[in-house]
Amino acid sequence: MIDLHTHTFFSDGALVPAEHVRRVEVLGYTAIAITDHADSSNIHLLIPALLKAARDLNPHTATRLIVGVELTHVPPALIAPLTRESRALGAQLVVVHGETPVEPVVPGTNRAALEAGVDVLAHPGFITEEEAKLAAKNNILLELSGRKGHSLTNGHVARMATLANAPLAINADAHAPGDFLTAAMAETVGLGAGLSREQYQLVRRNMAALVERLPSID
């Protein structure tokens with residue numbers, strides 16, 4: 001089990017990073033990304049704090065803490081420069097808060113994220129086939145969300161990804177202890193979106209491959 005999109009009390013989550021990691025360690029996770037909501041006001045605070053937590057915790061836990069960030073409701077023109085700045089600050093993983101149908105995300109956010117070369121486009125809503133093809137070209141994972149509301153378009157996202165041969169991720173977008181996905185629930189999210197069991201296993205392999213190619217924090 002891997003999750004590439006979760007939140008702590010550094011934004012709107014409930015837990016400190018240590019408890020966050022421990023909660024999924026007992027669920028058998030090999031890696032968890034903390035990707036708190038961010039824009040230009042706080043990336044310089046979030047990323048160094050998470051880097052310290054990861055350096056302290058990773059030698060002592062079975063679950064690897066990945067230092068990430070979720071650029072959230074950022075104007076499309078700022079996504080590329082903030083992606084570069086996040087990486088320069090040490091973020092291993094950059095997620096963008098996509099055009100979910102349950103929030104007023106600025107149109108063009110999906111495309112700007114895909115063009116910026118982020119790692120994961122979260123809950124991309126009614127993503128177009130053209131955008132999904134761009135995700136495939138740039139090897140960006142499109143998210144199937146386990147979170148209420150954001151999950152409404154999972155079937156559409158899965159269909160567009162299949163047409164474009166774009167890689168997928170299944171993430172909890174967890175904010176509190178009860179949000180973390182068990183292995184069974186993660187599979188339910190994937191199958192419920194219309195994936196076959198073989199496609200679901202490919203999702204897990206794609207997520208593991210992304211984790212393997214992330215830069216080190218050493």
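Brief remarks on what is shown
For (1) assigned to a loop (DSSP other than H, G, I, E, B); (2) among the aromatic types (Phe, Trp, Tyr); (3) in contact with a His (Cβ under 6 Å, 6 or more places away or on another chain); (4) open to solvent by less than 20 Å² (accessible area, probe 1.4 Å), each residue gets a yes or a no:
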| residue | (1), (2), (3), (4) |
| --- | --- |
| Gly178 | no, no, no, no |
| Leu181 | yes, no, no, yes |
| Thr188 | no, no, no, no |
| Leu191 | no, no, no, no |
| Leu195 | yes, no, no, yes |
| Met207 | no, no, no, yes |
| Val211 | no, no, no, yes |
| Pro215 | yes, no, no, no |
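- Subset of the stretch 153-169 [within 20 Å of Met207 (Cβ to Cβ) and either part of a helix (DSSP H, G or I) or in contact (Cβ under 8 Å) with a residue 60 or more places away in the chain (or both)]: Thr153, Asn154, Gly155, Val157, Ala158, Arg159, Met160, Ala161, Thr162, Ala164, Ala169
- Among helices (runs of 4 or more DSSP H) entirely within the stretch 1-118, having at least 3 residues that are open to solvent by less than 30 Å² (accessible area, probe 1.4 Å) and either farther than 16 Å from Asp173 by Cα or at pLDDT below 95 (or both) singles out 43-57, 76-89, 109-116.
- Test: residue in the stretch 136-152 that is open to solvent by 10 Å² or more (accessible area, probe 1.4 Å), touching a strand residue (DSSP E or B) at 6+ places or on another chain (Cβ under 7 Å), assigned to a helix (DSSP H, G or I) and closer than 20 Å to Gly190 by Cα: yes
The values are calculated or read from the model by the stated rules, or taken from the named source; none is laboratory data. Only a predicted model underlies this, so the values are computations on that prediction, with no experimental measurement involved. Cβ: placed from backbone, ideal geometry, glycine included. Neighbour counts: every protein chain shown. Protein only, heavy atoms only, side chains kept; ligands, DNA and RNA dropped before computing areas. Shrake-Rupley method; radii C 1.70, N 1.55, O 1.52, S 1.80 Å.
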